[in-house]
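Written out below as C-alpha cells is the structure these notes cover.
Bear in mind these aren't lab numbers, they're just calculated from the coordinates by the rules spelled out. Predicted, not measured: the structure shown is a model, and the values here were computed from it. Here the Cβ is made from the backbone with ideal geometry for all residues, glycine too, and neighbour counts use every protein chain on show.
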Amino acid sequence: MKLITHVEYFTRWGEELFLKSADRLFPMRYSDNGLWSAEIDRLDPGLTVEYRYEVHSGGLCRRTEWEAHTVTMPDKAVRKPVEVTDRWNDVPEDLPLHSAPFRDGVFSRTPGKTWKAAGTAIPVFSLRSGSDFGIGEFNDLRLLADWAALTGQKIIQLLPVNDTTMTGTWEDSYPYNANSSFALHPQFMHLPDAGVEEDEEYRQLQAELNSLPEVDYERVNREKRKFLQRAFEATWDKVSRRKAYKDFIGRNARWLMPYAVFCTLRDLYGTADFSKWKTEEDGADFSVYDEDMATDFAARHRKEINYHCFVQYHLHTQLSEARDYARSKGIVFKGDLPIGVSRTSADAWVDRRLFNMDSQAGAPPDAFSVDGQNWGLPTYNWDEMSKDGYGWWKDRLGKMAEYFDVFRIDHLLGFFRIWEIPLGEKSGLMGHFYPALPYSAEELHSLGFSPEAGGSGSDVIFIEDPHRKGWWHPRIAAQFTSAYAALDSHGKETFDRLYNDFFYHRHNDFWKQSGMRRLASLLSATGMLACGEDLGMIPACVPEVMSDYRILSLEIQRMSKNPHMEFADTASYPYCSVCTTSTHDMNPLRAWWEEDRKVTDDYWHSVMHREGEAPHSCEPWICREIIASHLASASMLAILPLQDWLSMDGELRLPDPSKERINVPAIPRYYWRYRMHLTLESLLSADRFNREMKGMIEASGR
C-alpha cells in the first residue's frame, strides 16, 4: 500500500524538503504554489505511520517539525494510494505556557501580566519530618507542599528518585546511577502506608535513625527492606487482589517485570554486574537478557518477583498521592532526567543494543580537570534508538510525567554530543566527541600525516573512531605529547589549524542537527515543561536549539555565560529561564561566601556595590538582598535551594554552613547524605520567617 503526503512550505534558495519516518528519509517533489509531496510505498494494512517533515540544505537538516504527523493505513489492502494534506507543525511561541501545569489548570495566567513563579529545590532524601525513618520520604512532599503554598511558591524541584540499589553500600547513595530509569527507590517508602506495623521495634528504630544529623544510607535501606519484607508476607494476598494493583501491573509490565527479574538476579548473584550472572555447576547463564529465559526464571522465583512489584506499587501510590495533594495546593513537582544510565542497570541488561557498552561517557579536559572526567556510564547508540522513533526515551519521559509537571534535562549538551572514552581507559584524554565528523585516512595523508603509524598508548595525535574504522579524530590536548613535539614546524602548524577547526568550528551545524532531531521527537511527546542544564563550555548550536524549542535555560550568577563578566547580571536574565543561587553540585550561598575571599570581595564591590572589605560571613541581610535580586529577575522560574531560603533567617539557618553541601563533584565517590537540620513541621510553624518570605515573593510578582 502507498501513502502520499502533501505539505505547503516556501523554501529559501538551496533548501529542499524531506519526509522522515522510522529513521528513513524520503525526498519530496516540489510543485507550484509551495506544495511539496512525498510517497511511502509497501506499507502493511493497519499500520500507523509516524513522520515529520524536514528542511535540508548543504546535506544537513536545518529545521524539523515540532510535532509528528500520524496516519493509520486501512485494515485491508487497497490499490488506491492513501493521500493526506498536512500543515507544517511549528513550535508554539509561548510553548512553556501551554505545558501540563497550565493545560491541567494547576497554574492560571492573568491577561496582560507576565507569569512568573518561585520554588524550592531539595532532594527527597534530604527532607526531615517527625514521621520519617532516617531519610526523607514521598509522604514528606505533602508537608513541603503545605509550606510552599503558605509562602507563595509554586514549584518543588527534586533530584532523581529512581532506584540506585547496586552494591547495598553507601556508594549507592549517588542518585545519578540508577539501576532502572523507571523504578522508584524503596528508601522513599513511608513504611506504615505499605502495611508495616508500628510496633515497639519499629518505633525505637524510627526514633534512633530519624534523630541522626545525616542519612545513614546503608542502615536505613537495610532496615526498611527488613520491614517491607515482613509487610509483604502479611499483606500480599490482600494487596494482590486489589484492582489498583492489577491496573498498575498491567500499565507497567513492560519495564516492571524485567526490573523485578534483574533485582532478583542481583540478589541471587550478589552483584548488579550482569556479565557475572553465570553458574558453572548447572550451566545457567543470565548475562545476556532473553525474554523467554526471564519469563521462565520469574515463574520459578514468583515470591521474589512479587515482592519487588509490591514495593514498586506502594512507591507509585505514595508519590502519585503526594503529587495530587501538591497540585490541589497549586504546587507542581519538577523532576530530574539524568543524561546517563548505569552500565549495570536493568535498562542496559534488557536492551543493550541501545547503548555503546564498549564506551564510557565523560567530559574533555578543562581548567578544572587536566585529564577530563570519566563517568563510567555507557554512551547511547542514537542510530539504534532512532529506528523506533526513540521509543525508550518516550517511555521514560512518559513515566516521569506520571509524577512531574516540570523537568530538568541533566547535561542537555549530551543530546547534541557526548565525550566518549573507550572502555578500559581511565583518563578522559583518550576520548572523542560522539557523534562527530572525523577525518578520513586519505584526507590526513594528503596533509602529510600518517595516523596509523602514530605513537603508542596516549602518546598520539590522532585517535581512530571506534564506530568507523579508518576515520580519525585529533586527540584532545595533543600538543602536549611527544608525538606532536616530533613534528616539524610545518607539521605543527598544519595540525594546529586542523585541531582548531575540528574542536571549535567543524561540528556546529552537525551537532545542531543531532540535537534538533532528538529533542523534537522527545519533547513533543511530553506535556512537561522542559528546563535544560546548559552550564559549562556550550557550543553555539545549543542555545539556538533551546531558543527554538523554548527550553528554559539555567542561570547562575556565579557562573556567568558572558566571558567578559565574572558574575552574571540577574536583571538581564531571559524570560525563558530558571534562575538559582546554587545547585546540588555547588556550595550553597553561605559556604560559597566563605570559599574565596577575593571572589567574595569582587562580588561585594561589583554586584552589591558596597565599599570596604566584605563581611567574613554571609549575614542574613546579605542573603536577603541576593535572593531579592534573583526574585526580581525576568526569569520565568526562580527556584532556590532550601538552604539558601533559610539563610535569610539567623535563627532558622544551620549554624555551620559547611554542613549544607549536597555533593562535591571533584570527589568521584561522594556520600550523598545531607539532611535538613529542622523538621518540616517546625518550618511550617516559623510564622515570622514564612510571612517575610511570602512578602518577598509577592513583591517580586511571582
>> Sequence gap at least 6, Cα distance under 8 Å: using those rules, report the relative contact order of the chain to the nearest whole percent.
In response: 15 percent
> In straight Cα distance, which aspartates and glutamates are under 18 Å from K278, not counting same-chain residues fewer than 8 positions off?
Replying inline: D267, D290, E291, D292, D296
>> Could you work out how much longer the chain between S108 and R241 gets when fully extended? Use 0.36 nm per residue separation minus the Cα distance between them, nm to one decimal.
In response: 43.9 nm
> What FRET efficiency, computed as 1/(1 + (r/R0)^6) with R0 = 25 Å and r the Cβ-Cβ distance, is obtained for R254 and D285, rounded to the nearest 0.05?
Replying inline: 0.55
>> Quick query: amide H of R63 versus all other amide H atoms, modeled in the peptide plane; which residues come in under 5 Å with a sequence gap of 5 or more or a different chain?
In response: V55
>> Rounded to the nearest angstrom and ordered from largest down, what semi-axes does the equivalent ellipsoid of segment 628-674 get from its C-alpha gyration tensor (root of 5λ)?
In response: 25, 17, 7
>> Is the C-alpha gyration tensor of segment 264-325 telling us rounded, prolate or oblate? Criteria: a/c under 1.5 is rounded; beyond that, a/b larger than b/c is prolate, otherwise oblate.
In response: prolate
>> Between V78 and L25, how high is the FRET efficiency from 1/(1 + (r/R0)^6) when r is the Cβ-Cβ distance and R₀ = 25 Å? Nearest 0.05.
In response: 0.45
>> 5 Å is the cut-off here: which amide hydrogens, built 1.01 Å from N in the peptide plane, fall below it relative to F462, excluding neighbours closer than 5 in sequence?
In response: R475
>> Per q in 0.08, 0.11 Å⁻¹, report the Debye log10 I(q)/I(0) for the chain, using one uniform scatterer on each alpha carbon and no solvent.
In response: -0.72, -1.33
> aspartates and glutamates within cross-link reach of K329: Cα-Cα under 13 Å, excluding same-chain residues under 8 positions apart?
Replying inline: D146, E321
> Counting other C-beta atoms within 10 Å, which of D282, D267 has the fewest, and how do the rest follow?
Replying inline: D282, D267
> Hey, what do the phi angles of segment 520-533 turn into as Karplus ³J(HN,Hα) couplings, whole Hz, using 6.51/-1.76/1.60 and θ = phi - 60°, x for Gly and Pro?
Replying inline: 4, 5, 7, 5, 6, 8, 10, x, 5, 6, 9, 10, x, 8
>> Quick one: 3J(HN,Hα) in Hz for segment 263-276, Karplus 6.51/-1.76/1.60 with θ = phi - 60°, rounded, Gly and Pro as x.
In response: 5, 5, 5, 4, 6, 5, 9, x, 7, 8, 6, 5, 5, 9
> Fewest to most neighbouring Cβ within 10 Å: what's the order for E93, E281, E67, E304?
Replying inline: E281, E93, E67, E304
> Hey, what D do you get for segment 122-350 in µm²/s if you plug the Kirkwood alpha-carbon radius into Stokes-Einstein at 4 °C and 1.567 mPa s?
Replying inline: 70 µm²/s
> Hey, what does the equivalent ellipsoid look like for segment 571-629, semi-axes from the Cα gyration tensor as sqrt of 5 times each eigenvalue, largest first, whole Å?
Replying inline: 20, 15, 11
> So what is log10(I(q)/I(0)) for segment 91-145 at q = 0.14 1/Å, when the Debye sum runs over its Cα atoms only?
Replying inline: -0.59
>> Can you give the log10 of the normalised intensity I(q)/I(0) at q = 0.24, 0.29 Å⁻¹, computed with Debye over equal Cα scatterers of segment 17-59?
In response: -0.90, -1.12
> Got a sec? Charge dipole of the chain, +1 on Cβ for Lys and Arg, -1 for Asp and Glu; which of V220, T494, V460 is way out at the positive end?
Replying inline: V220
> Full extension from S489 to D90: what is 0.36 nm times the residue separation minus their Cα-Cα distance, to one decimal in nm?
Replying inline: 138.5 nm
> If you line up the Cα atoms of segment 289-435 on their principal axes, what length do they span on each, largest first, in Å?
Replying inline: 46, 46, 29
>> Quick check: residue separation of I4 and T70 times 0.36 nm, minus the Cα distance between them. What number comes out in nm?
In response: 22.5 nm
> Three principal axis extents, largest first, for the C-alpha atoms of segment 363-507, in Å?
Replying inline: 61, 34, 29
> What is the packing order of peptides 247-254, 122-129, 470-477, 213-220, taking the mean over residues of other C-beta atoms within 10 Å and listing the highest first?
Replying inline: 122-129, 470-477, 213-220, 247-254
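Over the chain, what is the percentage of antiparallel beta bridges among all DSSP beta bridges, to the nearest 5?
If I count the DSSP bridges inside the chain, around 60 percent turn out antiparallel.
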>> With the cut-off at 1.5 for a/c, could you classify segment 437-506 from its C-alpha gyration tensor as rounded, prolate or oblate?
In response: rounded
> Which FRET efficiency value, to the nearest 0.05, do you get for H98 and S275 by plugging their Cβ-Cβ distance into 1/(1 + (r/R0)^6) with R0 = 45 Å?
Replying inline: 0.50
>> Which entries of K2/K80; K276/K399; K20/K512; K334/K659 have Cα-Cα distances beyond 19 Å here?
In response: K276/K399; K334/K659
>> Let me understand segment 504-663 better: what is its radius of gyration from the alpha carbons, and its Dmax, in angstrom?
In response: 17.7, 55
> Fewest first, what order do L19, L447 take by the number of other Cβ atoms within 10 Å?
Replying inline: L447, L19
> Shape call for segment 134-256 from the C-alpha gyration tensor, a ≥ b ≥ c root eigenvalues: rounded (a/c under 1.5), prolate (a/b greater than b/c) or oblate?
Replying inline: rounded
